[in-house]
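Worksheet: the structure to be examined is printed underneath.
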Amino acid sequence: MGLNSYVAREPRPLPIFILADTSGSMMGGKINELNLALREMLTTLNGVDDIRGKFQLSIITFGGEVRLVQPLEDITGLSLSELTAGGNTPMGQAFETVQKMIEDRGIVTSRAYTPTIVLISDGIPTDCSEEMYSRKNYFDWEPLKNLHSGVRSAKCQRLALGIGDDADTEMLKAFIDDPEVPVIRTKDVSGIAKFFRWVTMSTVARMHSVNPNETSVVAPLFDIDAEDIVI
């Protein structure tokens, strides 16, 4: 084969899906800090060199309705839309949306590394039954069961941040479903940027590793009170 016949292979993508609570309780400082944190993450990922592929990003919001505000795309040259807050918290619909995207090989290609799903919420899901909420046995909740049992979505790395005292820690634990990965909670908006720096560090570490499909995370290095990390 001549040199002119050689075609460089496209770098393998590592998809990152952000599930962002944009309900009414996120208005003000929370949504502002979330917008800043997302832009900081994007800037950092764009500046990473010598990795085993490329990063892709998608943002799904759930506030009043579920919206795909950022389809899954390569981060190079990506410009993020400003997120706004309002409405209730249809978290289950957001789980269904991301699960369908991950199972769709036209969106997440067969060559892609195992995706990362990042959940940020400051409240409780409003689209599950009162019985489910009172029992806190979210593993029986259909949208979460489907996410955990999907052929491809079951393998995803899942990270979560709970903002404030109203965040449903049991839901975040059930979403992660991995005793090796902590649920991070923050009492105020200052923890949002710290959380996303941790997510960024963990994602970059994967892409520098021998096998980026391994979904281990780096230890949280930010200054956060012990009670705010739920193991």
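The values are calculated or read from the model by the stated rules, or taken from the named source; none is laboratory data. Just so you know, these numbers come straight off a predicted model, no measurement behind them. Backbone-built Cβ (ideal geometry, glycine too); neighbour counts: all protein chains shown.
Values computed for the structure shown
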quantity	calculated
Matching option when the condition is closer than 25 Å to Cys128 by Cβ and either surrounded by fewer than 16 Cβ atoms within 10 Å (Cβ to Cβ) or in contact with a helix residue (DSSP H, G or I) (Cβ under 8 Å, 6 or more places away or on another chain) (or both), among Thr43, Thr76, Thr84, Thr97	Thr84
Neighbours by Cβ (under 6 Å, 6+ apart or cross-chain): first from region 183-199, over 19 Å from Glu170 (Cα atoms); second surrounded by fewer than 23 Cβ atoms within 10 Å (Cβ to Cβ) and modelled with pLDDT under 90	Lys194/Phe222; Trp198/Pro220
Hits in region 22-45 (condition: in contact with a strand residue (DSSP E or B) (Cβ under 8 Å, 6 or more places away or on another chain) and part of a helix (DSSP H, G or I))	Gly24, Met26, Lys30, Leu34, Leu38, Leu42, Leu45
Per-region count, region 184-201, residues crowded, with 20+ Cβ neighbours inside 10 Å and either within 14 Å of the chain's Cα centre (by Cα) or not β-branched (Val, Ile, Thr) (or both)	9
Long-range neighbours under 6 Å by Cβ, at least six apart or interchain, first residue closer than 28 Å to Lys155 by Cβ within region 126-144, second at pLDDT below 85 and not β-branched (Val, Ile, Thr)	Trp141/Met132
Candidates Ser81, Ser110, Ser121 - the one that is without any contact (Cβ under 8 Å) to a residue 12 or more places away in the chain and either out of contact with any strand residue (DSSP E or B) (no Cβ under 6 Å at 6 or more places or on another chain) or not hydrophobic (A, V, I, L, M, F, W, C) (or both)	Ser110
Checking Leu78 against (1) under 26 Å from Trp198 (Cβ atoms); (2) in a helix (DSSP H, G or I), the condition it does not meet	(2)
In region 155-167, residue nearest to Arg135 (Cα to Cα) [restricted to those that are surrounded by fewer than 21 Cβ atoms within 10 Å (Cβ to Cβ) and of a type in the set (D, E, K, R)]	Asp166
